[in-house]
Amino acid sequence: MTQARPILEVTNLKATYHHSITALDGVHLALGEGEILAVLGSNGAGKTTTLKAISNLLPAERGQVTAGQVLFQGKTTLSRSPASLVRAGLVQVLEGRHCFKSLTVEENLVAGGLGRGASRSEIAADLEKVYRWFPRLQQKRQTASGLTSGGEQQMTAIGRALMARPRLLILDEPSMGLAPLVVQDIFRALQRLNVEERLSIVVAEQNSAVALTYAHRAVILENGRTVLEGLAADLKARSDVRAFYLGRKSAAISLAALSNASPTPATSGALS
Ligand code: ATP
């Protein structure tokens, strides 16, 4: 498990949709202050559901947490509104780079600051910061977001989240549909934010190679359960992880089946 003081702890999380479809069946993860954690897994493994449960966004999708706990800075998130969690510093960038397409890039960014009731001068200062992290957004500040590239829209979505001054930034598949060089740009910016601002980051990815390169730690989900967790470098070095998540997925057998007869929770499956 993580050595740093935890900013986020998810324990034995279970969740359903429509009170009948099981999506999560025992997710464990922990993130220390100032760490980057990658949440990996193939299609339908439960990554998005886990992230939405953390931000208490499942009720909006007719989803329910049925067991387990999510603690952000030691306090449960499950009884707090998503808006109050944003004000407390837990900010999520949803899958699909949601931008207001008819607003300019800068208007999108400003919208992220308004949510926390920031003053004009705070917004101006934060805008300059976002433009330092993502210089391409400064060039496009007056362009309608709908007319910018996929990479620029993802940067706008991340920039808007940064305008809310997060302590913990959660991102759902930021690499989706983007060219490899743009993905590298985005992950490098996230790494700088982590180092220079000590921003804690959880990033769900199907692109395991890039996520394991930039993360400190990682968890792997299968069928709604945590099946492995450990240092990103250790996971990257494991041949079974390489086989299933780093490009050789041909064998029709799960990582959990390889590692154990039955999947173990994170604590007993830890690598460190
Ligand atoms: P992907 O990478 O494809 O987004 P994922 O790892 O994020 O996958 P989830 O989207 O969390 O996985 O899905 C977990 C399970 O919950 C899947 O079986 C999925 O079909 C189901 N599910 C997800 N969203 C809903 C929903 N709104 N209603 C019903 N079932 C859902």
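The values are calculated or read from the model by the stated rules, or taken from the named source; none is laboratory data. Because the structure is predicted, anything quoted here is derived from the model rather than measured. As a convention, Cβ positions derive from the backbone with ideal geometry for all residues, glycine included, and neighbour counts pool all protein chains shown. Heads up: the accessible areas ignore ligands, DNA and RNA and are worked out on the full protein's heavy atoms, side chains in. Shrake-Rupley method; radii C 1.70, N 1.55, O 1.52, S 1.80 Å.
Counting only the Cα atoms, region 100-165 fills a convex hull of 67 Å³ per residue.
Per residue, what accessible area does the chain have, given a 1.4 Å probe and all protein chains present, in Å²?
Accessible area per residue, the chain: 44 Å².
Globularity index of the chain is 0.98 (Cα radius of gyration / 2.2 N^0.38 Å, N = number of residues). Inter-part distance, region 1-65 to region 134-162, computed on C-alpha centroids, equals 28 Å. Over the residues of the chain, the helix contribution to mean residue ellipticity at 222 nm works out to -10500 deg cm²/dmol, using -39500 (n - 2.57) for each DSSP H run of at least 4. Total lysine pairs in the chain at Cα distances under 25 Å, for residues eight or more apart or on different chains: 12. Relative to the longest principal axis of the Cα atoms of the chain, the long axis of helix 120-133 makes an angle of roughly 60 degrees. Counting protein heavy atoms only, the chain has 51 percent of its accessible area on carbon and sulfur, 1.4 angstrom probe. Computed about its Cα centre, the charge dipole of the chain is approximately 260 debye, with only Lys, Arg, Asp and Glu carrying charge at their Cβ.
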